[in-house]
Amino acid sequence: YNAAYCTGILDIFGFENFAQNSFPQLCINFTNESLHNLFIEHVFKLEQETYIREEVDWQFVEYEDNQPTIDLISKRPVCLYGLLDEGCATGSGTDSSVLSNYNGVFKDPKKHKSYIKPKKSADKCFIVSHYAGEVTYDITGFVEKNKDELSTDIEELLLVKTKFTTLLELAKRDAEKK
């Protein structure tokens with residue numbers, strides 16, 4: 001292995017937009033948003049800052065910063081994941097109450113430009129404007145899928161066999177909650 005002869009390739013084609021999109025597609029698309037952001041950060045932001053600092057003569061490359069979409073999905077406490085977790089934590093949260101919460105919290109398009117309340121099926125869907133395009137998500141099953149837990153065997157394996165300190169701490173903390 002010689003780094004001088006290696007090329008890094010980012011596969012951003014794992015983005016999913018089906019006829020019906022649910023919680024798994026949101027998770028996959030969030031991961032791709034994050035990878036895309038990392039790519040932007042290293043290829044454009046940091047490189048252009050270096051050019052400025054070193055006074056290199058170059059042409060500025062404009063790019064779309066997708067940080068607002070990442071924040072919408074994951075910047076806690078007020079984000080799609082945070083509000084979904086909040087709905088699940090009460091035990092009485094439903095898909096429709098989570099969607100209602102989304103629509104109330106993210107109703108200002110100037111403040112939350114990546115969140116769109118659809119004109120059709122607004123009682124069961126919401127839209128996220130991703131770097132790769134708009135995706136309509138059906139809220140059906142979000143609460144149940146978000147409650148998905150590790151099997152007892154895997155939890156015990158983590159507590160007994162893992163050598164990764166952070167993973168062990170997470171497993172212990174999760175076990176204490178039960």
Computed FRET value (nearest 0.05) for L170 with T140, which takes r as the C-beta separation and R₀ as 45 Å: 0.95
Magnitude of the charge dipole, the chain, Cβ model with Lys/Arg +1 and Asp/Glu -1, debye to 20: 700 debye
FRET efficiency, 1/(1 + (r/R0)^6) with R0 22 Å, evaluated for S74 and F39 via beta carbons: 0.80
Convex hull of the chain built on C-alpha atoms - directionally averaged projected area, nm²: 15.3 nm²
Rounded to 5, percent antiparallel among DSSP beta bridges of the chain: 90 percent
Simple spin-label estimate for E149 and D85 in nanometres, 7 Å along Cα-Cβ: 1.7 nm
Pairwise label distance in nanometres, K110 with Q59, each label 7 Å out on the Cα-Cβ vector: 3.6 nm
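In deg cm²/dmol, rounded to 500, what helix-only [θ] at 222 nm does the chain give when every DSSP H run of at least 4 residues adds -39500 (n - 2.57) and the total is split over its residues?
Here the helix-only value at 222 nm equals -14000 deg cm²/dmol.
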Stretch gain in nm, segment N2-N101, where the contour uses 0.36 nm per residue and the Cα spacing is subtracted: 30.5 nm
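Coordinate-derived values only; no laboratory data. All values reported here derive from a predicted model rather than from experimental measurement. Because the Cβ atoms are built from the backbone with ideal geometry, glycine has one as well, and the counts that use them run over all protein chains shown.
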